1. Those residues that are in contact (Cβ under 8 Å) with a residue 12 or more places away in the chain and either under 15 Å from Ile41 (Cα atoms) or in a loop (DSSP other than H, G, I, E, B) (or both), I need them from segment 60-71; list them, please.
2. Taking Val48, is it in contact with a strand residue (DSSP E or B) (Cβ under 6 Å, 6 or more places away or on another chain) and either surrounded by fewer than 16 Cβ atoms within 10 Å (Cβ to Cβ) or free of Cβ contacts under 8 Å to residues at least 40 places away in the same chain (or both)?
3. Return yes or no: is Asp52 over 20 Å from Leu101 (Cα atoms) and of a type in the set (Asp, Glu)?
4. Out of segment 3-27, which residues are under 15 Å from Lys112 (Cα atoms) and in a strand (DSSP E or B)?
5. Within segment 15-37, take every residue that is aliphatic (A, V, I, L, M) and at pLDDT 95 or above and give me the one that is surrounded by the fewest Cβ atoms within 10 Å (Cβ to Cβ).
6. Collect the residues in segment 97-115 that are surrounded by 15 or more Cβ atoms within 10 Å (Cβ to Cβ), over 11 Å from the mean Cα position of the chain (by Cα) and not hydrophobic (A, V, I, L, M, F, W, C), keeping them in residue-number order.
7. Restricting to segment 1-14, and then to whatever is over 19 Å from Pro56 (Cβ atoms) and over 12 Å from the mean Cα position of the chain (by Cα), can you tell me which residue is surrounded by the fewest Cβ atoms within 10 Å (Cβ to Cβ)?
Amino acid sequence: MKKVLICDDDEGIVDVMKIILENKGYKVKVCANESLIFKIISKEKPDVLLLDLWMPHLSGEEITKRLKKNDATKSIKVIIISAHRFAAKIAKEIKADDYLLKPFDIYDLEKKVKKYAPLL
């Protein structure tokens, strides 16, 4: 079973993404506190990380940079989720694998996750 980790401080968005992806057959974990994300990644070893850019303590930008520099985590597919108008540019600069603009279409969410973690 493919694993997806969602890290976003907006509970409503997290709940919607979790329901959608679980209904598609993914095992979904949620990280409500971005300060714990590296511990959760180490334990869960997700295939895909859906990561918000704007969070209170540790930005999605900084998290992505750290993940992509580390040999143990650089293969995790990071999809930036943001309402920032330059989300695509930021995602490319920090070497994220993709991005999803908020508000997002359910089909786009499913398509992007499936691209990096196809189900059998």
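The values are calculated or read from the model by the stated rules, or taken from the named source; none is laboratory data. All figures in this text were calculated on a predicted structure; none of them were measured in a lab. Quick reminder, even Gly has a Cβ in these numbers, built from the backbone with ideal geometry, and neighbours come from all protein chains shown.
1. If the condition is that a residue be in contact (Cβ under 8 Å) with a residue 12 or more places away in the chain and either under 15 Å from Ile41 (Cα atoms) or in a loop (DSSP other than H, G, I, E, B) (or both), then Gly60, Ile63, Thr64, Lys65, Arg66, Leu67, Lys68 are the ones that fit.
2. Working: in contact with a strand residue (DSSP E or B) (Cβ under 6 Å, 6 or more places away or on another chain): yes; either surrounded by fewer than 16 Cβ atoms within 10 Å (Cβ to Cβ) or free of Cβ contacts under 8 Å to residues at least 40 places away in the same chain (or both): no.
Considered against the rule, which asks whether it is in contact with a strand residue (DSSP E or B) (Cβ under 6 Å, 6 or more places away or on another chain) and either surrounded by fewer than 16 Cβ atoms within 10 Å (Cβ to Cβ) or free of Cβ contacts under 8 Å to residues at least 40 places away in the same chain (or both), Val48 comes out as no.
3. Taking the combined requirement at face value, the residue does not satisfy it.
4. Lys3, Val4, Leu5, Ile6
5. The selected residue is Ile19.
6. Result: Glu110, Lys114.
7. We begin by selecting, within segment 1-14, every residue over 19 Å from Pro56 (Cβ atoms); these are 1-4.
When the remaining residues are screened for being over 12 Å from the mean Cα position of the chain (by Cα), the result is 1-2.
Details: Met1: 9, Lys2: 19.
It comes out as Met1.
Quick grid of which residues meet (1) out of contact with any helix residue (DSSP H, G or I) (no Cβ under 8 Å at 6 or more places or on another chain); (2) among the charged types (D, E, K, R); (3) within 19 Å of Val16 (Cβ to Cβ):
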{"residue": "Cys31", "(1), (2), (3)": "no, no, yes"}
{"residue": "Leu50", "(1), (2), (3)": "no, no, yes"}
{"residue": "Leu53", "(1), (2), (3)": "no, no, yes"}
{"residue": "Asp71", "(1), (2), (3)": "yes, yes, no"}
{"residue": "Lys74", "(1), (2), (3)": "no, yes, no"}
{"residue": "Lys77", "(1), (2), (3)": "no, yes, no"}
{"residue": "Ala88", "(1), (2), (3)": "yes, no, no"}
{"residue": "Ile94", "(1), (2), (3)": "no, no, no"}
{"residue": "Lys115", "(1), (2), (3)": "yes, yes, no"}
